[in-house]
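Contents: one structure, followed by commentary.
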Amino acid sequence: MRPLINIRRIPSINFMGLHKLGFVLSGIMTVGSIVLFLTQGLNYGIDFSGGTLLEVRNTTGAADLAKMRSDLDRLGLGDVSLQNFGSPDDVLIRLQRQPGGDKAQETAVEKVKDTLGKSFEYRRTEVVGPTVGAELIKAGVEATILALLAIALYVWFRFEWPFGVGAMLSTLHDTITTIGLFSLLQIEFNLTTLAAILTIAGYSVNDTVVIYDRVRETMRRYKSMEFKELINKSLNETLSRTILTVTTVALAVLSLLIFGGEVLRGFSIAMLWGVVVGTYSSLFIAAPLLNYIRPKRSAVKTGDGADAAARGKP
């Protein structure tokens, strides 16, 4: 059975000749993301900041978001956001937390119901307090840190400790720059976005492990090949797989971004950025780092013959 795509020629791109430029660019993006997070912060959604969420359905047809927003803005409830989800009849209404206790939140909900009228069916009402939001932020940070450590330990166990360090640093780079993007664009950051970040970490390490596996295989075959040349060879040999993977995943995520609606917007943007930056970090951070924290070359009998063939020896 013939493959759908047959790439006949392995490229010869000098990735190691560009790796210092990649380090500088990554350093700028990482520092910029940290500065943005510390100065501008994130646009936390109701999951983290607290507030009230109402899921409503217009029983008379498609909801007019512009009119609903105009009517609710007159109530003086602070920041009110509306978005369609599912069908045009369904709307999510988010209210910022009102000054006062639970009674103030209940009063705000009643005002919304009175304003929208009886043509709306109220399917769900959730109130998230500031304590719960703070706990979710803490749990999200802990989950991200534990995921990064688990990735490093897995790669360390699967390969050697230099591979684990490279995988963790490249994945940390992807996570920080994603947070920086959300801080820069002030896109709502919620639990769905956090799930996207953890997914990005998994995607990034998967791409990195494929490259590392080829690096290790090449190390065994060509035991005296110069290390920069060895990394270049490994990257070029896996480049076709990397391009095909990132293209197919990006097309799927683009479909979510275009057709998924407002509910999936943050998730889709995070995933799309993560796919691109994750591929970049695998090529220009994870692999080049091995040139500075070199793993041990494995002694394999077949390596001598392959190495001699590579140097043109009989």
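Structure above, values below:
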| item | result |
| --- | --- |
| Hits in segment 100-136 - residues which are among the aliphatic types (A, V, I, L, M), within 30 Å of residue 171 (Cβ to Cβ) and surrounded by 17 or more Cβ atoms within 10 Å (Cβ to Cβ) | 128, 136 |
| Count of segment 53-78 residues which are under 31 Å from the mean Cα position of the chain (by Cα), outside any strand (DSSP E or B) and aliphatic (A, V, I, L, M) | 1 |
| Hits in segment 179-218 - residues which are of a type in the set (Gly, Ala, Ser) and within 13 Å of residue 281 (Cβ to Cβ) | 201, 204 |
| Residues of segment 198-207 that turn out to be crowded, with 19+ Cβ neighbours inside 10 Å and either more than 15 Å from the chain's Cα centre (by Cα) or hydrophobic (A, V, I, L, M, F, W, C) (or both), as a count | 3 |
| Filter result (in a helix (DSSP H, G or I) and either on the phi > 0 side of the Ramachandran plot or charged (D, E, K, R) (or both)) within segment 187-216 | 207, 213, 214, 216 |
| Residue within segment 170-178 that is crowded, with 19+ Cβ neighbours inside 10 Å and over 21 Å from residue 284 (Cβ atoms) present | no |
| Number of the exception - residue 215 against (1) out of contact with any Leu (no Cβ under 7 Å at 6 or more places or on another chain); (2) at pLDDT 85 or above; (3) farther than 29 Å from residue 42 by Cα | (1) |
| Members of segment 20-52 that are outside any helix (DSSP H, G or I) and within 18 Å of the chain's Cα centre (by Cα) | 41, 42, 43, 44, 45 |
| Residues being in a helix (DSSP H, G or I) and either farther than 30 Å from residue 90 by Cβ or modelled with pLDDT under 80 (or both) - total across segment 253-305 | 22 |
| Subset tally (residues that are in contact with a helix residue (DSSP H, G or I) (Cβ under 9 Å, 6 or more places away or on another chain) and either over 23 Å from residue 48 (Cα atoms) or not in a strand (DSSP E or B) (or both)) for segment 79-121 | 9 |
| Residue match in segment 27-39 (condition: at pLDDT below 85 and either more than 23 Å from residue 260 (Cα to Cα) or surrounded by fewer than 15 Cβ atoms within 10 Å (Cβ to Cβ) (or both)) | no |
| Extreme residue, nearest to residue 77 (Cα to Cα), among residues of segment 122-150 that are assigned to a helix (DSSP H, G or I) and of a type in the set (Ser, Thr, Tyr) | 131 |
| Filter pass, residue 163 being aromatic (Phe, Trp, Tyr), in contact with a strand residue (DSSP E or B) (Cβ under 7 Å, 6 or more places away or on another chain) and closer than 25 Å to residue 149 by Cβ | no |
| Test for residue 140: is it closer than 19 Å to residue 266 by Cβ and either buried (at least 18 other Cβ atoms within 10 Å of the Cβ) or in contact with an Asp or Glu (Cβ under 8 Å, 6 or more places away or on another chain) (or both) | yes |
| Only one of 153, 184 that is at pLDDT below 85 and part of a helix (DSSP H, G or I) | 153 |
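The values are calculated or read from the model by the stated rules, or taken from the named source; none is laboratory data. Given the structure is predicted, the values throughout are model-derived calculations rather than measurements. Reconstructed Cβ throughout: ideal geometry from the backbone, glycine too, with neighbour counts over all protein chains shown.
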